[in-house]
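To start, I am sharing the structure in question, which I have written as structure tokens.
The values are calculated or read from the model by the stated rules, or taken from the named source; none is laboratory data. None of these values were measured; they are calculated from a predicted model. Every residue, glycine among them, receives a Cβ derived from its backbone with ideal geometry; neighbour counts consider all protein chains shown. Accessible surface is based on the protein model in full, side chains and every heavy atom, while ligands, DNA and RNA are left aside. Shrake-Rupley method; radii C 1.70, N 1.55, O 1.52, S 1.80 Å.
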Amino acid sequence: MIVLGLNAVFHDPAAALLIDGAVVAAAEEERFSRRKHGKTPVAFSTWELPEQSMAWCLEHAGVSPADVDAVAYSYDPDLAFQPNGDITVAEWEGLRTLYARRAPLFLRSALPGLRPERVRWIPHHVAHAASATFASGFDPCSVLVLDGRGERASHLAGRSVGGDLEVLATQELPHSLGLLYEELTAHLGFRRSSDEYKVMAMASYGSPAHLDEFRRLVRADGDGGFVVEPVDFARFAPPLAPGGEFTSAHADLACAVQRRLEEVLLDLARWLQARTGDRNLVMAGGVALNCVANSRIWREGPFERVWVQPAAGDSGTALGAAMHVAHALGETVAPMGTAALGRGWDDDALAARLETAGVAYERPDDIADAVAEALAANQVVAWFQGRSEYGPRALGHRSLLADPRRPDNLEKLNDIKGREQFRPVAPMVLAERARTIFDGGPIPSPYMLFTHGVRPGWAERIPAVVHVDGTARIQTVDREQEPLVARMLERFEARTGVPVVVNTSLNTAGRPMVDDPRDALECFGSSPVDLLAIGPFVVRRAGVAGAPEQTEAQIAA
Ligand SMILES: [Fe+2]
């Protein structure tokens with residue numbers, strides 16, 4: 001049975017394809033269209049479908065639109081605001097509802113042959129929930145979904161047993177922890193529903209001076225939901241223009257909201273566990289990308305295990321909707337084993353692209369060792385390997401890599417990416433070595449969705465990846481799942497004694513992650529990256545010899 005899942009309503013349009021209950025492809029539209037987040041989340045854009053990612057998913061699996069047994073659309077217009085004749089009220093919400101209802105007709109135009117009557121509308125938060133319950137493989141499990149909004153709610157708490165979801169609580173709008181965080185993001189001069197992680201990073205620089213006030217404004221209601229009173233952020237710190245320099249007042253505000261978010265999420269988790277008695281919690285929704293909050297839930301919450309969908313934002317609802325429908329149609333849905341569900345190219349195709357581009361390239365005996373050598377010589381490496389990642393994190397397929405022993409590499413990478421200097425970069429570490437270096441979060445942690453403490457003696461050795469609050473958002477690399485990345489880390493350790501490499505997403509400011517080989521060459525050509533490792537090939541920047549390899553003592557001196 002073939003089920004195509006789609007997210008098209010707000011932002012991060014995406015497509016996912018399940019065949020006989022197994023995910024065979026999933027991709028975000030932004031990686032194709034090269035427009036970050038795919039589209040603007042306004043009612044007028046609801047008709048736009050993830051046309052390129054849908055078409056690619058089908059092409060990758062070798063199926064035609066007519067072969068699709070069901071299309072799962074991650075929003076249910078019947079649950080949404082009903083236009084009642086005037087689509088202009090409530091900021092055109094009715095238009096969103098109309099366009100969602102029209103999706104089958106838009107789909108028929110986008111994918112000729114697809115049968116419009118095969119479209120099923122799945123409630124937005126049910127799709128988020130399914131993206132975590134099925135994908136985690138945890139059964140039974142409790143599930144928390146928190147985002148800005150779905151049709152009329154911002155939250156779902158429930159339990160999944162054998163793939164059947166029981167909804168235990170929801171929270172209706174206007175109360176929304178996701179929208180509160182989005183409002184703060186905009187107040188601090190960042191892009192809403194895009195740059196929330198910058199607020200999370202800024203919070204580490206502040207003190208929780210206003211926490212008591214936010215405890216009054218934002219609180220769990222004791223019944224599985226919560227209250228968010230209207231907040232006038234300007235009372236705490238003036239609005240910041242985009243790119244404006246933040247002050248301690250801004251950092252204190254970010255800190256108070258972040259801390260309060262963590263506390264309320266812990267309250268919700270405790271409420272849920274008291275009802276389900278489950279050991280396992282799974283999470284999705286944009287709020288679940290808050291890795292600082294996730295770690296507190298893991299450390300202080302009542303669940304033994306916590307799993308977060310790597311595409312926790314709306315892109316993941318394409319996969320969740322498809323999984324929900326496959327289960328409803330009687331399929332056994334398999335967990336996702338990897339986030340590497342996007343496009344990939346074989347060696348011949350990569351060589352052909354390099355020939356077309358007319359760049360000099362070589363094929364070293366061992367690409368992993370060649371990259372380890374360059375990193376140890378303090379070169380920055382663009383690492384393009386295998387299939388691209390589903391979700392916002394680079395997980396060793398479309399990554400920028402650097403030596404973590406050098407503190408100035410944080411600045412260097414932020415410069416390459418045109419990012420704010422207060423933002424941390426993250427480490428990837430061999431899974432079997434992770435416990436000796438990091439603690440305070442779940443290990444393994446393959447999707448970078450938790451923060452960890454850095455054990456004594458290690459923070460000084462890997463200064464580039466330790467955030468101002470002493471934490472690091474790690475990716476553990478499993479040898480079985482990611483043999484090439486593991487080998488690169490192993491070769492780096494053999495050269496330096498450190499089994500950790502800096503990993504950040506392969507893109508420049510404001511652009512989606514690199515997806516295809518041409519994106520990789522464009523990124524390499526337009527930024528001071530020293531080496532591009534693309535499949536088994538390397539492309540070196542002219543004139544870069546690399547610094548001599550140095551020991552930690554030499555770097556410190
Ligand atoms: Fe959502």
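Output the number of the condition that Gly158 fails; it satisfies all remaining conditions of (1) of a type in the set (Gly, Ala, Ser); (2) part of a strand (DSSP E or B); (3) over 30 Å from Pro83 (Cβ atoms).
Gly158 satisfies all of (1) of a type in the set (Gly, Ala, Ser); (2) part of a strand (DSSP E or B); (3) over 30 Å from Pro83 (Cβ atoms) except (3).
Out of all the residues in the range 174-203, which are acidic (Asp, Glu) and assigned to a helix (DSSP H, G or I)?
Glu182, Glu183, Glu196
Just to be sure before I move on: is Arg96 in a loop (DSSP other than H, G, I, E, B), among the basic types (Lys, Arg) and within 16 Å of the ligand (Cβ to nearest atom) in the structure I sent?
When the stated conditions are applied, Arg96 does not pass them.
How many residues are open to solvent by 30 Å² or more (accessible area, probe 1.4 Å) and closer than 20 Å to Ala14 by Cβ if we restrict to the range 353-404?
Adding up the residues that qualify gives 4.
If you don't mind, another one. Under 6 Å between Cβ atoms, at least 6 apart or on separate chains: pull out the pairs that start in the range 137-158 with a residue that is within 15 Å of Gly320 (Cα to Cα) and among the β-branched types (Val, Ile, Thr) and end on any residue that is within 13 Å of the ligand (Cβ to nearest atom) and in a strand (DSSP E or B).
Hits for this filter: Val145/Leu156; Val145/Ala284.
Could you please let me know if Glu93 is more than 17 Å from Leu6 (Cα to Cα) and touching a residue at least 24 places away in the same chain (Cβ under 8 Å)?
Here the answer is yes, as Glu93 does meet what is asked.
Here's another thing I want to ask about it. Could you please tell me which pairs satisfy a Cβ distance under 6 Å, a separation of 6+ or placement on different chains, a first residue in the range 53-74 that is in contact (Cβ under 8 Å) with a residue 40 or more places away in the chain, and a second residue that is of a type in the set (Phe, Trp, Tyr)?
Listed pairs, sorted by first residue: Ser53/Phe32; Tyr73/Trp121.
Every residue in the range 297-327 that is within 16 Å of Val23 (Cα to Cα) and either open to solvent by 10 Å² or more (accessible area, probe 1.4 Å) or away from the ligand (no atom under 16 Å from the Cβ) (or both), please.
His324, Val325, Ala326, His327
Okay, moving on. Identify all residues within the range 493-518 that are within 23 Å of Asp346 (Cα to Cα) and open to solvent by less than 20 Å² (accessible area, probe 1.4 Å); write none if there are none.
Correct list: Leu506, Asn507, Pro512, Met513, Val514, Asp515, Pro517.
Could you list, ordered by first residue, the pairs with Cβ atoms under 6 Å in which the first is in the range 106-124 and assigned to a helix (DSSP H, G or I) and modelled with pLDDT of 95 or more and the second is open to solvent by less than 30 Å² (accessible area, probe 1.4 Å) and within 16 Å of the ligand (Cβ to nearest atom), at least 6 apart or interchain?
Listed by first residue and then by second, the contacts come to His124/Ser74; His124/Tyr75; His124/Gly150; His124/Glu151.
Only one residue in Leu146, Leu173 is within 15 Å of the ligand (Cβ to nearest atom) and either open to solvent by 20 Å² or more (accessible area, probe 1.4 Å) or of a type in the set (D, E, K, R) (or both), so which one is that?
Matching residue, one of Leu146, Leu173: Leu173.
Here is a yes/no grid of residues against (1) more than 24 Å from the chain's Cα centre (by Cα); (2) in contact (Cβ under 8 Å) with a residue 60 or more places away in the chain:
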residue	(1), (2)
Leu265	no, yes
Thr276	yes, yes
Ala284	no, yes
Pro302	yes, no
Arg305	no, yes
Val308	no, yes
Asp314	no, yes
His327	yes, yes
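Moving to a separate point now. Can Val71 be described as part of a helix (DSSP H, G or I), β-branched (Val, Ile, Thr) and either surrounded by 16 or more Cβ atoms within 10 Å (Cβ to Cβ) or within 16 Å of the ligand (Cβ to nearest atom) (or both)?
no
Applying the selection to the range 200-254, what residues are among the acidic types (Asp, Glu) and touching a residue at least 12 places away in the same chain (Cβ under 8 Å)?
Glu213, Asp223, Glu229, Asp252 - these are the residues of the range 200-254 that are among the acidic types (Asp, Glu) and touching a residue at least 12 places away in the same chain (Cβ under 8 Å).
Taking the condition of being of a type outside the set (A, V, I, L, M, F, W, C), open to solvent by 30 Å² or more (accessible area, probe 1.4 Å) and part of a loop (DSSP other than H, G, I, E, B), how many residues in the range 449-475 meet it?
Of the residues in the range 449-475, 8 are of a type outside the set (A, V, I, L, M, F, W, C), open to solvent by 30 Å² or more (accessible area, probe 1.4 Å) and part of a loop (DSSP other than H, G, I, E, B).
How many residues are closer than 22 Å to Ser445 by Cβ and open to solvent by less than 10 Å² (accessible area, probe 1.4 Å) if we restrict to the range 410-424?
Adding up the residues that qualify gives 1.
Follow-up question, since we're still on this one. If you check Leu188 against the conditions, is it touching a Leu at 6+ places or on another chain (Cβ under 6 Å), away from the ligand (no atom under 16 Å from the Cβ) and in contact (Cβ under 8 Å) with a residue 40 or more places away in the chain?
For Leu188, the condition - touching a Leu at 6+ places or on another chain (Cβ under 6 Å), away from the ligand (no atom under 16 Å from the Cβ) and in contact (Cβ under 8 Å) with a residue 40 or more places away in the chain - is met.
Among the residues of the range 476-492 satisfying the criterion of being in a loop (DSSP other than H, G, I, E, B) and open to solvent by 40 Å² or more (accessible area, probe 1.4 Å), which is nearest to Thr338 (Cα to Cα)?
Gln481
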